[in-house]
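Presented below is the structure to which this report refers.
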Amino acid sequence: MRAADLFAGVGGLSCGAKAAGVEVVFAGDHWRPAVDAYALNHPEVAPSCQDLHQTDWRDVPAHDLLLAAPACQGHSPARGKERPHHDAQRSTAWAVVSAAEYHRPAVVLVENVPAFSRWTLYPAWCQAMHAIGYALEPIVVDAADHGVPQHRQRLFVVATRSKHPISLKLRPQPHIPIASVVDWSAGSWSEIYRTGRAAKTLTRVADGRRRFGSRFVFPYYGATETGRSIDRPVGTITTRDRWALVEGDQMRMFTLEENKAAMSFPPEFRLPAHHKTALHLLGNAVPPKLGQAMVSAILEAA
């Protein structure tokens with residue numbers, strides 16, 4: 001089976017597809033740092049940097065599986081209040097319809113946040129996919145159920161050129177604790193009770209210590225949750241530093257390598273040297289093991 005990957009980012013879905021035995025023949029994204037990182041890790045694909053709304057689909061090789069992860073920022077409740085640019089971000093989903101209309105691959109796999117299904121134009125988007133011959137099967141999946149040491153719920157819309165939607169046989173796996181990817185000797189540790197530490201941070205630390213002892217993780221910002229055991233998957237990896245470790249009276253943020261492992265990328269996967277850019281790419285990616293589970297289930301059902 002041959003696949004094309006739209007809004008490919010750093011290539012998490014491509015990694016998963018290749019692990020499932022699929023050949024990726026095209027990848028495209030509009031952001032140059034993402035395309036450059038993709039090229040480092042998938043040199044056989046030669047990714048294209050372009051606005052996918054403007055793509056001439058005749059230039060994209062024929063494929064059996066269309067992978068797509070259009071922008072989620074306009075849908076995600078984590079982004080807070082509605083902003084003027086969200087309409088443009090949400091509209092990226094229409095490029096999927098355009099590509100599918102031209103190439104008519106047997107399967108289209110679209111990944112987004114669950115709130116994608118609450119988009120005002122989601123019914124119209126589904127109707128457009130129906131109009132070009134696809135039956136749709138939406139399914140919400142937690143990455144932690146498929147070999148990723150992170151709770152990350154995502155909506156996958158499986159579109160097939162069939163009379164009825166296909167049913168995927170996803171086989172949940174035992175959860176992997178975040179402790180399995182933490183290197184306690186790495187990173188830059190600092191004293192928890194140093195001058196200037198925010199009161200909210202100290203409250204989260206105190207609550208985490210009460211519940212989990214001297215070692216635990218907690219979200220450094222933007223969460224009502226105050227702590228989490230290292231013996232379970234961590235919460236969602238985002239596009240900026242979010243998760244902190246506590247050991248005794250010291251704390252530090254996750255290293256880039258720990259964030260990468262929490263996304264299930266292999267150690268040899270290369271990212272930009274600039275920390276914020278690398279973390280942004282990780283936070284926007286599809287965990288490879290989750291992608292592999294989805295593509296493998298599609299192959300089994302086909």
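Number of residues in the range 38-52 that are touching a helix residue (DSSP H, G or I) at 6+ places or on another chain (Cβ under 8 Å), assigned to a loop (DSSP other than H, G, I, E, B) and more than 15 Å from residue 13 (Cα to Cα) equals 1.
Taking the range 155-164 as the search range and keeping residues that are open to solvent by less than 50 Å² (accessible area, probe 1.4 Å) and touching a Phe, Trp or Tyr at 6+ places or on another chain (Cβ under 9 Å), which one is farthest from residue 292 (Cα to Cα)? Among those that are open to solvent by less than 50 Å² (accessible area, probe 1.4 Å) and touching a Phe, Trp or Tyr at 6+ places or on another chain (Cβ under 9 Å), it is 162.
Considering the range 130-151, the residues that are crowded, with 21+ Cβ neighbours inside 10 Å and not in a strand (DSSP E or B) include one that is farthest from the chain's Cα centre (by Cα), namely 134. If you go through the range 275-300 and pick out every residue that is touching a residue at least 24 places away in the same chain (Cβ under 8 Å), more than 20 Å from residue 108 (Cα to Cα) and open to solvent by 20 Å² or more (accessible area, probe 1.4 Å), you end up with 3.
Looking at the range 182-200 only, could you name the residues that are touching a strand residue (DSSP E or B) at 6+ places or on another chain (Cβ under 9 Å) and touching a residue at least 24 places away in the same chain (Cβ under 8 Å)? Once the filter is applied, which keeps residues that are touching a strand residue (DSSP E or B) at 6+ places or on another chain (Cβ under 9 Å) and touching a residue at least 24 places away in the same chain (Cβ under 8 Å), the range 182-200 yields 182, 184, 186, 187, 188, 189, 190, 191, 192.
Of all the numbered requirements in (1) without any contact (Cβ under 8 Å) to a residue 40 or more places away in the chain; (2) touching a Ser or Thr at 6+ places or on another chain (Cβ under 8 Å), residue 39 misses one, and that requirement is (2).
Would you say residue 281 is assigned to a helix (DSSP H, G or I) and either over 26 Å from residue 185 (Cβ atoms) or modelled with pLDDT of 95 or more (or both)? Judged against the criteria, residue 281 is a match.
The values are calculated or read from the model by the stated rules, or taken from the named source; none is laboratory data. Given the structure is predicted, the values throughout are model-derived calculations rather than measurements. Backbone-built Cβ (ideal geometry, glycine too); neighbour counts: all protein chains shown. To get the accessible areas, we keep the full protein, side chains included, count just its heavy atoms, and leave off ligands, DNA and RNA. Shrake-Rupley method; radii C 1.70, N 1.55, O 1.52, S 1.80 Å.
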